[in-house]
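To start, the structure itself, in structure tokens.
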Amino acid sequence: GAMKHLPYFCRGEVVKGFGRGSKELGIPTANFSEQVVESFPSDIPTGIYYGWACVGNGDVHKMVLSIGWNPFYKNIKKSVETHIIHTFKEDFYGEILSIIITGYIRPEKNFDSLDALILAIQEDIEEAKRQLDLPEHLKFKEDNFFHRPEGKIVNNR
Ligand code: ADP
Ligand code: MG
């Protein structure tokens, strides 16, 4: 299900999320606006993905991404949240985030405890790091989609 949509190219503004305290867990997630989420294929499965991300004209970093259900809309709309595997000096709300989703890890799960959730996310991050070093994923790091001078907002080019 997920694979037929990959690689998936997406660019859009980073907006305020739901204040679920992702940052407090040490895993901040940059949320895309509802408009960008709406542009995703409606049949793309929810779950955990990985790929490459770039804020503004910055460097390209590895990322893990969750496509989940948006609690603001009683879980009938999706949310798309990117955790970039990099330590930033400052928040980047309002900036343009460009991502290429290249792989899928697992479906969404419920966890019995916060510790179990954090452990699962840490495992997702390790899995993403390993996969992204493989040539079939690594090649997208240098894709022309990143660092376009005009920074035009497009979806799935
Ligand atoms: P929100 O609910 O507003 O999304 P989060 O706790 O998920 O709050 O934090 C997300 C914000 O943290 C992002 O919008 C971004 O500005 C900032 N941020 C800092 N470092 C990262 C990172 N490595 N990955 C994603 N977002 C980051
Ligand atoms: Mg977030």
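The values are calculated or read from the model by the stated rules, or taken from the named source; none is laboratory data. Keep in mind that what you see is a predicted model, and the values were worked out from it rather than measured. Don't worry about glycine lacking a Cβ; one is built from the backbone with ideal geometry, like all the others, and counts go over all protein chains shown. We work out accessible area using only protein heavy atoms, side chains counted, and drop any ligands, DNA or RNA first. Shrake-Rupley method; radii C 1.70, N 1.55, O 1.52, S 1.80 Å.
Which Cα, out of SER42, PHE32, ILE76, lies furthest along the positive dipole direction of segment 1-86 (beta carbon charges, K/R +1, D/E -1)?
The Cα lying farthest towards the positive end belongs to ILE76.
Within 13 Å, Cβ to Cβ, of ASP124, how many net charges do the neighbouring residues add up to if Lys/Arg are +1 and Asp/Glu are -1?
0
Which value in Å is the Kirkwood Rh of segment 12-96 over different Cα pairs?
Kirkwood radius, segment 12-96: 13.3 Å.
With the full set of protein chains in place, find how many percent of the accessible area of the chain is carbon and sulfur; take the probe as 1.4 Å.
Solvent-exposed carbon and sulfur of the chain make up 50 percent of the total.
Calculate the dipole size of segment 53-93 relative to its Cα centre from +1 charges on Lys and Arg beta carbons and -1 charges on Asp and Glu beta carbons; express the result in debye to the nearest 20.
My answer is approximately 280 debye.
Rounded to the nearest Å, what's the spacing between the alpha carbon centres of segment 116-144 and segment 30-64? Just the number, please.
When both Cα centres are located, 14 Å separates them.
Percent relative contact order of the chain, based on C-alpha pairs within less than 8 angstrom and at least six residues apart?
Contact order relative to length: 32 percent.
At 1.4 Å probe radius, can you tell me the per residue accessible area of segment 16-87 in Å²?
The answer is 48 Å² per residue.
In segment 54-88, what trypsin sites (Lys or Arg not before Pro) fall in a loop by DSSP, with at most 15 other Cβ atoms inside 10 Å?
In loop regions of segment 54-88 (DSSP not H, G, I, E or B), the sparsely surrounded trypsin sites (Lys or Arg not before Pro) are LYS74, LYS77.
If each of THR87 and PHE72 carries a label point 7 Å out from its Cα toward its Cβ, how far apart are those two points in nm?
3.1 nm
Sort largest first and round to whole Å: the equivalent ellipsoid semi-axes of the chain, each the square root of five times a Cα gyration tensor eigenvalue. Provide the component values of the computation, followed by the final result.
Working: eigenvalues 94, 64, 55 Å².
So the equivalent ellipsoid measures 22, 18, 17 Å along its semi-axes.
Using a Gaussian network model of the chain with C-alpha springs under 10 Å, which one of PRO45, PRO135, PRO28 is most mobile by mean-square fluctuation?
For the chain, modelled as a Gaussian network with Cα springs under 10 Å, the answer is PRO135.
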